[in-house]
Amino acid sequence: MTRESAPLGPAPWNANAIWRGRLGFAVAAGNYHTVILHGDGRVSTFGRNHYGQLGLGDTTDRAEPALVLG
């Protein structure tokens, strides 16, 4: 199954801009936030971030995936 044929469902962000041609290795989703492990080892997160659970160094909610640094 390719990224184009995978049943991803509706996305509020531009998936092509996030994936940049790479498949995700794993996705973990909760009620209010999501974590993406990219095939190259990078991690992106998005969703509610009231307690800093996105790992981005702040408590700002994200509507689009943001790369976790470090």
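Each value in this text was obtained by applying a stated rule to the coordinates, not by laboratory testing. Not measured: the values here are computed from a predicted model. All Cβ positions, even for glycine, are placed from backbone atoms using ideal geometry, and neighbour counts span all protein chains on display.
Remarks
- Cα→Cβ-extended label distance, 7 Å offset, between H50 and L67, nm: 3.0
- Projecting label points 7 angstrom from Cα along Cα→Cβ for D58 and F25 puts them 2.8 nm apart.
- Pairs of Cα atoms nearer than 8 Å and 6+ residues apart set the relative contact order; for the stretch 24-70 it is 28 percent.
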